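Take a look at the structure set out below.
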Amino acid sequence: MQGPLASLKVLDFSTLLPGPFASLLLADMGAEVLRIESPTRQDLLRVLPPHDQGISASHAYLNRNKRSLALDLKQPEALEVVTQLLGDYDILLEQFRPGVMERLGLGYEALKVINPRLIYVSITGYGQTGPYKDRAGHDINYLALAGLASHTGRADSGPVPLGIQAADIAGGSLHGVIGLLAAVIARQQSGQGQHLDVSMTDCVFSLNAMAGAGYLACGVEPGWENQMLNGGSFYDYYRTCDGRWMSVGSLEPAFMRALCEALGRPELAAQGLSPKPEQQHALKQALQAEFEKHDFAELCRLFAGIDACVEPVLSLEEAVRHPQSQARERVTQVPRGDGSTQTQMACPLKFSEGLPEPRHMGARLGAHTDQVLGALGFSDERIAQLRSAKVVL
């Protein structure tokens, strides 16, 4: 089984999280992904803990199914290698700051002359233009500047650091893949490639889907705990008597009635329909008092058979063991290369024709250098010369 993207061949110059998560999705769906890695400047993801048998678990996951070519892009001979690769690989993914690839002789304008069908995807924090284009940043900064942190948090304590990298993944990775595949479809019609400029801040700004629409059209500025879905209503998390948490999303009247009846307080259901902040505040207090009368296990049993949009807040261990997770096969076994496997998160996309089985974990640096160069027609002697000159590893 090859997968729906088996016809795509991608050169991946990215490191850390946004680009690698994007190319992981592509590789899982069958694309051939070749990582171009620096032999002198290590991808910090390779050393990020925790480690499994001396290998970063994050790197092993994010770079599975990809090959690795260790190539020093600062060496003039590196351009020769990339130029030859472009005859076969017609999609390029990079994550450097604007101007870096141009200085290396690998900018879009230079490379599209070699291959006019080239689709060139640049993922950066702030984009290729604007006063912040050269500014350093991380996920928390992109969320702050996109306005998202201003209404995600608690009124008495402010914004809350998320447990995931929303700007990196939802902003950079997912939008990057969407744009890349759109460019592939456009190329099928025109025969021409193009440059895709993905700003993680731009993309995460668009995730202000309802709050942003309300502000731009109506001037309603969202704040902490003053919107229906950010803690300003009963839609929230509730502590149990043993210090665990339950999520309540009983927005529709039928679900609210089911919630209140299960807790033995059917009279509270009418308050759930009120838009008045004071009514919502009183309802939240009443619901919290009821949840605190029960322990976590009791509440899980209580709501397991009730369709009320009430679910337990699970640890990762519990989430993996959950029957829905088991049924959906969210976890897979990935070959290490020594006959054993590592447990990893599976590709979440389900195709009726299926996907190829995972081929291998993230490869060691330069694991496929000889294989790739040999396929390009480089002789053993020439490969040895490049290695001696430290162009490749």
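The values are calculated or read from the model by the stated rules, or taken from the named source; none is laboratory data. All figures in this text were calculated on a predicted structure; none of them were measured in a lab. So basically every Cβ, Gly included, is an ideal-geometry build from the backbone, and we count neighbours across all protein chains shown.
Tabulated values for the structure
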item	result
Residue ranges of helices (runs of 4 or more DSSP H) in segment 5-104 with at least 1 members crowded, with 17+ Cβ neighbours inside 10 Å and charged (D, E, K, R)	18-28
Any chance residue 296 is under 30 Å from residue 345 (Cα atoms), touching a Cys at 6+ places or on another chain (Cβ under 9 Å), in contact (Cβ under 8 Å) with a residue 12 or more places away in the chain and not assigned by TED's automatic domain parsing to the domain that holds residue 158	yes
Restricting segment 182-199 to residues that are assigned to a helix (DSSP H, G or I) and touching a residue at least 12 places away in the same chain (Cβ under 8 Å), the residue that is surrounded by the most Cβ atoms within 10 Å (Cβ to Cβ)	183
Filter result for residue 273 (at pLDDT below 95 and hydrophobic (A, V, I, L, M, F, W, C))	yes
Residue match in segment 106-117 (condition: in a loop (DSSP other than H, G, I, E, B), among the aliphatic types (A, V, I, L, M) and surrounded by fewer than 18 Cβ atoms within 10 Å (Cβ to Cβ))	no
Residues satisfying the stated conditions in segment 347-393, i.e. aliphatic (A, V, I, L, M), surrounded by fewer than 18 Cβ atoms within 10 Å (Cβ to Cβ) and more than 17 Å from residue 70 (Cβ to Cβ)	349
Some residue of segment 173-180 being surrounded by fewer than 19 Cβ atoms within 10 Å (Cβ to Cβ), closer than 21 Å to residue 62 by Cβ, assigned by TED's automatic domain parsing to the domain that holds residue 95 and of a type in the set (Gly, Ala, Ser)	no
The one condition in (1) of a type in the set (A, V, I, L, M); (2) touching a Cys at 6+ places or on another chain (Cβ under 6 Å); (3) in the same structural domain as residue 355 (by TED's automatic domain parsing) that residue 269 fails to fulfil	(3)
Whichever residue in segment 326-341 is assigned to a strand (DSSP E or B) and of a type in the set (A, V, I, L, M, F, W, C) and, among such residues, is surrounded by the fewest Cβ atoms within 10 Å (Cβ to Cβ)	331
Neighbours by Cβ (under 7 Å, 6+ apart or cross-chain): first from segment 131-142, within 20 Å of residue 99 (Cα to Cα); second hydroxyl-bearing (Ser, Thr, Tyr) and part of a loop (DSSP other than H, G, I, E, B)	132/126; 133/126; 135/126; 137/126
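To keep it simple, each residue is scored yes or no on (1) hydroxyl-bearing (Ser, Thr, Tyr); (2) part of a loop (DSSP other than H, G, I, E, B); (3) touching a residue at least 40 places away in the same chain (Cβ under 8 Å).
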{"position": "150", "(1), (2), (3)": "yes, no, yes"}
{"position": "163", "(1), (2), (3)": "no, yes, no"}
{"position": "168", "(1), (2), (3)": "no, no, yes"}
{"position": "173", "(1), (2), (3)": "yes, no, yes"}
{"position": "214", "(1), (2), (3)": "no, no, no"}
